[in-house]
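The values are calculated or read from the model by the stated rules, or taken from the named source; none is laboratory data. The structure presented is a predicted model; accordingly, all values stated were derived computationally and were not measured. All Cβ positions, glycine included, derive from the backbone under ideal geometry; neighbour counts span all protein chains shown.
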Amino acid sequence: MSYVRRVTVTVTTDASGAATVYSDLVEHGLLSQIRYVKAVSNGFDAGVDFTLTAEATGETLWSELNVDADATRAPRQATHSPAGVAALYAAAGTAVNDKIALANDRVKIVIAAGGAVKTGTFHLILE
């Protein structure tokens, strides 16, 4: 039986506008989407920079500069054949991407240029 679940992480920056926080442990799941919600009052400054990675592997889940408002991203990774060759829709076609698996891992969220003591929330949607 599969189900969708949400892991919510609220982040508050320090006086320099930076923060590094971790989600709770994700036992297993496929990352379907990440939703950033800017706090209504005292939200991150316009132009905030995000980097979200899997703690154990360092795999980038979302990295974006100069975010100004709420945003939703559906990160995907490239897939490969058993021989390690990039999987393509056609011989010289578009890459085949798939959801990113997390297993016994936490999501590391790094904020820069967020403004002094500002807040935002990240919703990690996992299948």
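With respect to the conditions (1) on the phi < 0 side of the Ramachandran plot; (2) touching a residue at least 60 places away in the same chain (Cβ under 8 Å), Gly29 lacks only one, and its number is (1). Contact map, segment 70-95: first residue within 30 Å of His123 (Cβ to Cβ), second residue in a loop (DSSP other than H, G, I, E, B) and basic (Lys, Arg), Cβ cut-off under 7 Å, separation 6 or more or different chains; pairs are Arg76/Lys99. Total residues in segment 27-44 satisfying the condition of being farther than 27 Å from Tyr3 by Cα and crowded, with 16+ Cβ neighbours inside 10 Å: the figure is 2. Which residues, taken from segment 34-59, are under 22 Å from Ile100 (Cβ atoms) and not in a loop (DSSP other than H, G, I, E, B)? Scanning segment 34-59 gives Ile34, Arg35, Tyr36, Val37, Asp49, Phe50, Thr51, Leu52, Thr53, Ala54. Whether any residue in segment 17-29 is at pLDDT below 95, within 16 Å of Gly114 (Cβ to Cβ) and part of a loop (DSSP other than H, G, I, E, B) is what I want to check. For segment 17-29, residues at pLDDT below 95, within 16 Å of Gly114 (Cβ to Cβ) and part of a loop (DSSP other than H, G, I, E, B): absent.
For Trp62, the criteria (1) touching a residue at least 40 places away in the same chain (Cβ under 8 Å); (2) surrounded by 15 or more Cβ atoms within 10 Å (Cβ to Cβ); (3) not in a loop (DSSP other than H, G, I, E, B) hold in every case but one, which is (1).
Restricted to segment 12-26, and to residues that are of a type in the set (A, V, I, L, M) and surrounded by 12 or more Cβ atoms within 10 Å (Cβ to Cβ), which residue is nearest to Asp98 (Cα to Cα)? The selected residue is Val26.
Can you work out which of the residues in segment 1-16 that are part of a loop (DSSP other than H, G, I, E, B) and of a type in the set (S, T, N, Q) is farthest from Lys118 (Cα to Cα)? Looking at residues that are part of a loop (DSSP other than H, G, I, E, B) and of a type in the set (S, T, N, Q), I get Ser2. Evaluate segment 107-123: report whether one residue or more is of a type in the set (Ser, Thr, Tyr), under 15 Å from the mean Cα position of the chain (by Cα) and surrounded by fewer than 12 Cβ atoms within 10 Å (Cβ to Cβ). No; the residues of segment 107-123 include none that is of a type in the set (Ser, Thr, Tyr), under 15 Å from the mean Cα position of the chain (by Cα) and surrounded by fewer than 12 Cβ atoms within 10 Å (Cβ to Cβ). Of everything in segment 32-45 that is of a type in the set (A, V, I, L, M, F, W, C) and modelled with pLDDT of 95 or more, the residue that is farthest from Pro75 (Cα to Cα) is Phe44. Out of all the residues in segment 19-26, is one or more under 28 Å from Tyr3 (Cβ atoms), under 12 Å from the mean Cα position of the chain (by Cα) and not aliphatic (A, V, I, L, M)? Scanning segment 19-26 turns up at least one residue that is under 28 Å from Tyr3 (Cβ atoms), under 12 Å from the mean Cα position of the chain (by Cα) and not aliphatic (A, V, I, L, M). Scoring Ala87 on the criteria (1) aliphatic (A, V, I, L, M); (2) under 19 Å from Asn104 (Cβ atoms); (3) surrounded by 13 or more Cβ atoms within 10 Å (Cβ to Cβ) leaves a single failure, condition (2).
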